[in-house]
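Enquirer: Before I ask anything, let me first share the structure, which is written out below as structure tokens.
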Amino acid sequence: MNPFAYVRADAPASALTAITEFPGARYVAGGTNLLDLMKLDVEAPPLLVDISRLSLHAIEDRSGALYVGALARLTDVAADARVRQRFPLVAIALEESASPQLRNMATVGGNLLQRTRCAYFRDIAMPCNKRNPGSGCGALDGENRRHAVLGTSPHCIAVAPSDLAVALAAIDATVHVAGRDGPRTIAMRDFYRLPGEMPQIETSLEPNELIAGVSLPPLAFSSRSTYVKVRDRAQYDFALASAAVALDLEDTTIREARIALGGLATVPWRSPEAERLLGGAIASRASFERAAAAAMSGALGRGANDYKISLGQRTLVRALENAAKG
Ligand code: SF4
């Protein structure tokens, strides 16, 4: 690990100043991802700006939405009675994330910004366009069993790792950001960027901007929502496929559906086609299977990850069936 300087910020403004004045500096809070990457020499920031003491831990009602501060710990958010009652799919996604020890340290903001688990990204001896732009992508024709089949590009096929981000995509959450030019908000659907030709740029955050929190808008039909995650191990593993869904039902007719997929795509993957197909349909296995086929219709495997196309469909069907049961 390279030597680095350390400063603790006591307000968002001082954090923004510190990081702006020191090129290459990084924010650190829980440190559950960044410190790993520093030990691997994937990240070598000259300065860490510790934001863990900023007053960004609150979980509170604001303007009809539930606002979750960026520094709220995953454990605390998952245990919050308002989250559990109003956004069960968010609580489930959090409980299915990482291990209890990691959830006790990891923050909401850090979770949304965690880097990919692609093994080539984490090994500095390997080519990786995301870590070293222009060096190539070891995964394209390499070990890609866990890689994405949706939203890929010829430059990167890494999977977006956050479970929480998938649930937040399904409920149309909003990310609140602090920057040198003042605060702004970014809709969750616009927060993550497809890899395209620049996989090193993963979000629409401007350089040095700081996530302040996330607001969860009311979801009237949250009692019929869930998150299903399929993985190699029952505990402490990343998704091979996951689905965050919510259904608004009138008797057996679907008025509205929300669908977001994880473990399958380079970004949390919302599927408007599948949602459109379900609107007005009868909640049945047949309509769920049609929607799942539509959700995965543009999927492209690269050999070892071909199985994800059918796995994604089955995961989504299971999630929709569970949601329909309430
Ligand atoms: Fe790097 Fe993306 Fe290729 Fe993995 S898939 S090696 S992160 S460019």
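The values are calculated or read from the model by the stated rules, or taken from the named source; none is laboratory data. These numbers were taken from a predicted model, which means no experiment stands behind them. Note: ideal-geometry Cβ built from the backbone for every residue, glycine included; neighbour counts use all protein chains shown. Just the protein is used for accessible areas: all its heavy atoms, side chains included, with ligands, DNA and RNA removed. Shrake-Rupley method; radii C 1.70, N 1.55, O 1.52, S 1.80 Å.
Enquirer: Over segment 21-169, consider all pairs of different Cα atoms and compute the Kirkwood hydrodynamic radius from their mean reciprocal separation; express it in Å, one decimal.
Expert: 16.9
Enquirer: Could you check how much of the accessible area of the chain is carbon and sulfur, as a whole percent, using a 1.4 Å probe?
Expert: Within the chain, the accessible surface is 51 percent carbon and sulfur.
Enquirer: Project the alpha carbons of segment 25-67 onto their principal axes and report the range along each, largest first, in whole Å.
Expert: Result, largest extent first: 44, 15, 12 Å.
Enquirer: I need the phi-derived Karplus couplings for segment 226-235: 6.51 cos²θ - 1.76 cosθ + 1.60, θ = phi - 60°, integer Hz, Gly and Pro marked x.
Expert: In residue order, the calculated couplings are 7, 9, 10, 10, 10, 8, 5, 10, 5, 10 Hz.
Enquirer: Shifting gears a bit: Specify, per residue and in Å³, the volume enclosed by the convex hull of the alpha carbon atoms belonging to the chain.
Expert: In the chain, the Cα hull volume divided by residue count equals 125 Å³.
Enquirer: Take T185, project a point 7 Å from its Cα along the Cβ direction, then tell me which residues of segment 49-89 have their backbone nitrogen under 14 Å from it.
Expert: Under 14 Å, as judged by backbone N against the label point of T185, lie 61-68 of segment 49-89.
Enquirer: Another question, then. Considering all projection directions equally, how large on average is the shadow of the alpha-carbon convex hull of segment 248-326, in square nanometres?
Expert: So the Cα hull casts an average projection of 4.8 nm².
Enquirer: Something else now. Could you give P(r) for segment 41-115, binned at 10 Å from zero, as whole percent values over all Cα-Cα pairs?
Expert: 18, 48, 26, 8, 1
Enquirer: Right, here's the next one. Taking the Cα centre of the chain as origin, work out the dipole magnitude from +1 charges on Lys and Arg Cβ and -1 charges on Asp and Glu Cβ, in debye rounded to 20.
Expert: Once rounded to the nearest 20, the dipole reads 500 debye.
Enquirer: Right, next: Rolling a 1.4 angstrom probe over the protein heavy atoms, how many square angstrom per residue are accessible across the chain?
Expert: 44
Enquirer: Over the C-alpha atoms of segment 189-261, what are the Rg and the largest Cα-to-Cα span, Dmax, in Å?
Expert: Spelled out, the Cα radius of gyration and Dmax of segment 189-261 are 16.7, 49 Å.
Enquirer: Hey, can you list the DSSP H helices of the chain whose Cα span along the axis is 18 Å or longer and whose average Kyte-Doolittle score is at least -0.5?
Expert: Passing helices, by number: 307-325.
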